[in-house]
1. Please identify every one of the trypsin sites (Lys or Arg not before Pro) in the range 162-205 that sits in a loop by DSSP and has no more than 13 other beta carbons within 10 Å of its own beta carbon.
2. State which entries of Lys141/Lys381; Lys31/Lys172; Lys29/Lys391 exceed 29 angstrom in Cα-Cα distance in the structure shown.
3. Taking the Cα centroid of the range 229-251 and of the range 340-405, what is the distance between the two, rounded to the nearest whole Å?
4. ³J(HN,Hα) across the range 142-152 via Karplus (A = 6.51, B = -1.76, C = 1.60, θ = phi - 60°), whole Hz, x for Gly/Pro?
5. What residue among Ala366, Gly329, Val388 has its Cα farthest toward the positive end of the dipole of the range 306-404, where the charges are +1 on Lys, Arg and -1 on Asp, Glu, each on the Cβ?
6. Report the charge-dipole magnitude of the range 195-322 in Debye, nearest 20, computed about the Cα centre from +1 at each Lys and Arg Cβ and -1 at each Asp and Glu Cβ.
7. Using a Förster distance of 45 angstrom, determine the FRET efficiency expected from the C-beta separation of Arg62 and Glu298, and round it to 0.05.
8. Under 5 Å between amide H atoms, partner at least 5 residues away or on a different chain: which partners does Gly260 have, H built in plane at 1.01 Å?
Amino acid sequence: MSSIEKTAGNVAKQVKKRVTPRRKKSAQKPKAKIGLVCPYNIGLGGGVQECVLASRAELIKRGYDAHIITPLSKEAKENPPKGTILVGSGADIRSPFATTAQVSASINSDELQAIVDEENFDILHFHEPWVPVMSRQLLAKSNSINIATFHARMPEGFMTKTFEKMITPYTKSILKYIDSFVAVSDPAAYYIRSLTDEDVRIIPNGIDLKKYRYVKKKKATTKSKRTIFYVGRLEGRKGVKYLIDAFSQLNDTKTRLIIGGDGPERNKLENYADEYPELEIKFLGHISEKQKIRYLHEADLFVSPAIYGESFGIVLLEAMACGTPIVAGNNAGYASVMQGRGLISLVDPKDIGQFARRLALLLYDAELDKLWRKWALEYVKQYDYTKVIDKYESLYKELLKNRNR
């Protein structure tokens, strides 16, 4: 046996070790084989990861053979998530916009080729394909239909222009491999539309409505305290400092502020909150999905004051599905979600006076509270994952039909 054949055999064995056990073959042939490519550590929380996991679950229900291709991480090495193909390795990076993520860092080219040859996907669906390095290498080797979904929104400003100059040559190099472009919102589509004349479809993110099923809340008068709740990363762009300032202006000792999540700004924010000893401000740190849902249900008001960098706003949908009124930053991504009556929820977090007045309006006006909840519970239905996957499935069928021609 030649050295080349030995190398190929070893790579194939490594790939098989990293692929989680397959489901037993059913009598019915799957509609198509789909690889969902996620450049981020699938074991860590995040909007893209949640979208990919939920998409796979729904596609399997519909008779597709769906797998997730994602970087190998320390967490997944011993206990890989079901239905995943783990490749290369992941590393923590800090973007110029103060966000930290674990992305693919190194990929063995032979390993990727072995996956392409062995799996023979009909469709490879790349989420955030501009994130180095896995998607670029996989696109170059793919013989499948390639779909790209863009999630991120570039914030405005000098730093954005500098960052765009850095990543644009890399992003342009992948465009020729992509058969269909999708973005989760118009703000998320802005950057990619500046690079291509191809049509960019808008298919929003979604949630599993059953998971957040609304339960009727007790009247505020029966509780000892009202609750304002925030959950998310504690980093500058999320605007939590402005939330603390606005909360302090309420000067309401019968309302508490609960902050869930962790991040680089946590210690600074806790020290800042200590300047208001008369107010109840509680930091929970990292919380589980189950805890997050419980707090969303128990809260009288959910607040997400992000000042930039949001392309959509899944957490806003989650609060709506729980029947909890929202005050949110007026960034482009949140504005794409908060339409109709939801416009009343948008506020400039840096205008502390306006921010505080909006908190008071949605916290204390019982009639508005009732109207808002009624609107939200109906409005959010369009974002259920079953309806979002309807749109993706329609796209898959269209592209498969065109290829068969």
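Please treat every number below as a calculation from the coordinates, not as lab data. Here the structure is a predicted model, which means the values were calculated and not measured. Heads up, the Cβs are rebuilt from the backbone with ideal geometry, glycines too, and the neighbour counts pull from every protein chain shown.
1. Lys176
2. On the way: Lys141/Lys381 39 Å; Lys31/Lys172 32 Å; Lys29/Lys391 22 Å.
Listed pairs above 29 Å: Lys141/Lys381; Lys31/Lys172.
3. That distance is 21 Å.
4. Each residue of the range 142-152 in turn: 6, 10, 8, 6, 10, 10, 10, 10, 9, 9, 7 Hz.
5. Val388
6. 940 debye
7. Computed FRET efficiency for Arg62 and Glu298: 0.85.
8. Tyr230, Val231, Gly232, Leu284
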